[in-house]
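The values are calculated or read from the model by the stated rules, or taken from the named source; none is laboratory data. Remember, it's a predicted structure, so these values are computed and weren't measured experimentally. Glycine also receives a Cβ, built like all others from the backbone with ideal geometry; neighbour counts cover every protein chain displayed.
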Amino acid sequence: MKNDVSPATMLLRMAHDPRFRTFVETRSVNSHLVSKFVAGETATDALNATGELLARGRYVTISHLAPDPLDTTQARTHRKRLRKALRRTVQAGYNVEERIEIAIRPGALGARLPNNGHELALEHAHKITHTATEIGARVLIESEPGLPASDTLSFTDALRQDYPDTGVELWSMRKRTERDVLERIDSQCRVRLSYGTDEARGGEDETHGARDTDLAYVRSLTELMRSSAAFSVSAADRRVVEISEALVAAGERQAGTFEYHLRMGTRPIVEATIADRGDRMRVLVPFGRDWYPYLMGRVADQPGQFLALFRPTKAARRAKARGKR
């Protein structure tokens, strides 16, 4: 029987093994690999990375890597960290206006907690968005595995009643997304169009296979290009960039009226090319102590990085060299 499991899916399954997680975290992996994809564990690390990107003409989305809270206290702590990170961008003297965005994941604010978790998370999101609005930053509600698209969209719609600039991430792997994109266009909601993650398969929302996910992405991208809605398109796929450029050349959309987005460290040459020609290039800057799941997701995106997890750290190489003396 043919095995249709992709290398990315196999890596994600391995990542859930607690023994493998302990192995990766306790040896600190290859520090270069971690720092390639993650700014660091603290808000200071995120601010330093943000400053470097802004200086090079990039736009930035700051994302705090945190597990879902076990109680309301942990949810409140996550809210405080996001608001603190926003305030510190101003203290650092950064040009915040539209160039800095904060990513909000409802689950990290307690949306899955029992007894009105959704309302609790929305209350926290209102406070974060209020702080962002005060300093001129933007807010994006991220999609996430285990949270149905309907919940993410209702969360976004509720927030937009007071903060209409709030954007939302939509995954083309979900069969409902093409309809959701059209509805977001009608309501003039900002959209970050992404592919999605294999971890979302098997959830409440029906999903496409890999090929249909790609086709659905292009159809949604075309609708966004032909609209006046603000949106962000993935630059991780060369074909998507080429299609975007072709639609601009055909007069469907003016260059500079939409954004490209990339995760930090994924395609530095493409990132530089897009930014240097004057287009908006937004880079996701993740930080936080819960970096392991995020790192494994990036390794799954680029399976060639997998062997780097097993390379000796610099400290181990130095110790080995001393032992040979």
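For region 210-228, which residues satisfy the criterion of being of a type outside the set (V, I, T) and more than 21 Å from the chain's Cα centre (by Cα)? If the condition is that a residue be of a type outside the set (V, I, T) and more than 21 Å from the chain's Cα centre (by Cα), then R211, D212, L215, R219, E223, M225, R226, S227, S228 are the ones that fit. If you check L47, L33 for being assigned to a helix (DSSP H, G or I), over 16 Å from the mean Cα position of the chain (by Cα) and either small (G, A, S) or modelled with pLDDT of 95 or more (or both), only one passes: L47.
Residues that are at pLDDT 95 or above and in contact with a Pro (Cβ under 8 Å, 6 or more places away or on another chain) were ranked within region 145-187; the one that is farthest from L284 (Cα to Cα) is D151. Among the conditions (1) outside any helix (DSSP H, G or I); (2) over 24 Å from F258 (Cα atoms), the only one that N95 does not satisfy is (2). Does T266 satisfy the criteria of being outside the structural domain of L295 (by TED's automatic domain parsing), touching a residue at least 60 places away in the same chain (Cβ under 8 Å), of a type outside the set (A, V, I, L, M) and out of contact with any strand residue (DSSP E or B) (no Cβ under 6 Å at 6 or more places or on another chain)? Judged against the criteria, T266 is a match.
Can you find a residue in region 221-239 that is of a type in the set (G, A, S), crowded, with 21+ Cβ neighbours inside 10 Å, modelled with pLDDT of 90 or more and more than 20 Å from E101 (Cβ to Cβ)? No, that holds for no residue.
Yes or no, residue by residue, for (1) in contact with a helix residue (DSSP H, G or I) (Cβ under 9 Å, 6 or more places away or on another chain); (2) closer than 15 Å to T61 by Cα:
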site	(1), (2)
R211	no, no
L215	no, no
R226	yes, no
S232	no, yes
A236	yes, no
V241	yes, no
A246	no, no
R280	yes, yes
R289	no, no
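Taking T213 as the residue in question, decide whether it is modelled with pLDDT under 95 and polar (S, T, N, Q). So T213 fits the description; yes.
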